[in-house]
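Data first, discussion second: the structure below is written as C-alpha cells.
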Amino acid sequence: MRNLDLDLLRTLTAIARHDTFSEAANRLHKTQSAVTQQMQRLESLIGQPLFEKQGRNKVLSSHGRRLVEYARHMLAINDEALRALQDGPLEGDLKLGAPLDVADSILPTLLTHIARSAPRVKLEIRTDRSPFLMDALRAGELDLTISTRFDQDFEGVALRTSPTVWLASADYVHDMHAPVPLVLADEPSIFRRLALTALEQARVRWHTNYVAPTLVGIKAALRAGLGVTARSVELLGPEMRVLGEKEGLPPLPDVTYFLWIRPDLINPLTRQVYDMLKTSLGLAQQGDAAAQPPRINSGRTDPAGLPDRA
C-alpha cells in the first residue's frame, strides 16, 4: 500500500485555495517549478490526472477535487496530533490584527486571555480596516485577525454581533427637513455601504459632508458636528449620541466581528492560540465557517467580552 506525502497534499490544497500554481508557490515560499514537480509526483502516486486544461489555465479535475477534500481532512488530523503531543507552554511571536473600532472593546478581551494563558507569546498588534486586515492575513502578514468581513477562504468563529447605529456628537442638532449630512469612510467600508443602502431603500435624502480615510478622522468630524455616521455601537462614547427613527433615520443591520485564521497555515503556534481563545471565550466552532455566517445572538456583550446569552 502506497502512502500519501503530506507535503504534497499541503501544496495541493494551496493550489485549490489560490487557484493558480504561481500564487500557491508564492504563499508556500516555493518556486513554481517546484510546485509543478510536486504535483507531477502526486499524480504519479495517485495514478490519476489531478488537473485538466481550461483555456490557458490548469484547473482541478474531478479526481483532484476529490483528493483535495481528503487532503484537508488528513492535514487537519496531522496538525491536531502535533498540537496535542507538543509539551511545554506556548511561546513565540504572533501577529494579530483588529479594526480600530474594537481596539477598546473586543481586542483587550482577546489580549487578556492570551496574556493569561500564554504569557510567553510575544504579540504584535496591527489596527486597520477590516478589508485591509483580511488582505494582510491572506498575504501571511498576520497570523490571526478580527474582522467584519466574511470570507469563505478562511476559518473563523464569531466573537460578537453588535448593533449598527447612527452616531453624531452629543450636541448635534438634526434637521429632519434637510438632507442628512453624512460623515463617511472612503472605500472600501462596510459601514459606508450599510449607511447608503439603508438611506436609499428608505428614500431618505442625504449628502456627503465629510469623507475620511481613518476612524480618527471620522470621530473628529463627528465631534465637530459635521454630520452623522453609521458605525458599530462599539464606537459609542460619552461625547456621542445615537440617532434613530424619531430623527427620520432608517434602522441598520447588525454587524458581526469574526476571528479569522488561514486554514492552510503552517505555524502551529497560531492554531494553538486560536484554539485556546475559542475554548477560553466559550466560542463554539461554527462548523465550516466558509459555508455560511454563524448564527449567534445579536446585541451587546457583557464586560468580559462573551456573547450575551441572556
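The values are calculated or read from the model by the stated rules, or taken from the named source; none is laboratory data. Just so we're clear, the structure is a prediction, and the values are computed from it rather than from any experiment. Backbone-built Cβ (ideal geometry, glycine too); neighbour counts: all protein chains shown.
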Exception for Arg192 within (1) basic (Lys, Arg); (2) part of a loop (DSSP other than H, G, I, E, B); (3) not assigned by TED's automatic domain parsing to the domain that holds Ile114 falls at (2)
Note on the range 139-167: residues in a loop (DSSP other than H, G, I, E, B), polar (S, T, N, Q) and in contact with a strand residue (DSSP E or B) (Cβ under 9 Å, 6 or more places away or on another chain) are Thr148
Given the conditions (1) of a type in the set (Ser, Thr, Tyr); (2) at pLDDT below 90; (3) over 30 Å from the mean Cα position of the chain (by Cα), every one holds for Thr36 apart from (2)
A careful count of residues in the range 115-138 that are within 18 Å of Ile190 (Cα to Cα) and assigned to a strand (DSSP E or B) gives 1
In the range 94-103, anything in contact with a helix residue (DSSP H, G or I) (Cβ under 8 Å, 6 or more places away or on another chain) and either outside any helix (DSSP H, G or I) or aromatic (Phe, Trp, Tyr) (or both) is listed as Leu94, Leu96, Gly97, Ala98, Pro99
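Filtering the range 195-218 down to residues that are aliphatic (A, V, I, L, M) and assigned to a helix (DSSP H, G or I), which residue is surrounded by the fewest Cβ atoms within 10 Å (Cβ to Cβ)?
From the range 195-218, those aliphatic (A, V, I, L, M) are 195-196, 198-199, 202, 204, 211-212, 215-216, 218; that's our starting set.
Going one step further and asking which of them are assigned to a helix (DSSP H, G or I), we end up with 195-196, 198-199, 215-216, 218.
Values: Ala195: 26, Leu196: 16, Ala198: 18, Leu199: 20, Leu215: 19, Val216: 10, Ile218: 26.
The extreme case among them is Val216.
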Within the range 164-215, residues free of Cβ contacts under 8 Å to residues at least 12 places away in the same chain and hydroxyl-bearing (Ser, Thr, Tyr) come out as Thr197
Scanning the range 139-156 residue by residue, those modelled with pLDDT under 90 and farther than 21 Å from Ile190 by Cβ turn out to be Gly140
Counting only helices (runs of 4 or more DSSP H) wholly inside the range 3-55, the ones holding at least 2 residues that are exposed (fewer than 13 other Cβ atoms within 10 Å of the Cβ) are 32-46
Expected single match for surrounded by 15 or more Cβ atoms within 10 Å (Cβ to Cβ) and either at pLDDT 90 or above or not assigned by TED's automatic domain parsing to the domain that holds Ala24 (or both) among Pro99, Pro119 is Pro99
Only one of (1) modelled with pLDDT under 95; (2) within 30 Å of Thr109 (Cβ to Cβ) does not apply to Glu245, and that is (2)
| query | Condition test on Ala221, is it out of contact with any helix residue (DSSP H, G or I) (no Cβ under 7 Å at 6 or more places or on another chain), on the phi < 0 side of the Ramachandran plot, surrounded by fewer than 16 Cβ atoms within 10 Å (Cβ to Cβ) and outside the structural domain of Asn78 (by TED's automatic domain parsing)? | reply | no
In the set Pro263, Pro253, the lone residue that is touching a residue at least 60 places away in the same chain (Cβ under 8 Å) and either more than 30 Å from Thr13 (Cα to Cα) or part of a helix (DSSP H, G or I) (or both) is Pro253
With the first residue restricted to the range 119-146 and required to be free of Cβ contacts under 8 Å to residues at least 40 places away in the same chain, and the second required to be hydroxyl-bearing (Ser, Thr, Tyr), Cβ contacts under 6 Å at 6 or more apart or on different chains are Leu133/Thr145; Leu133/Ser147
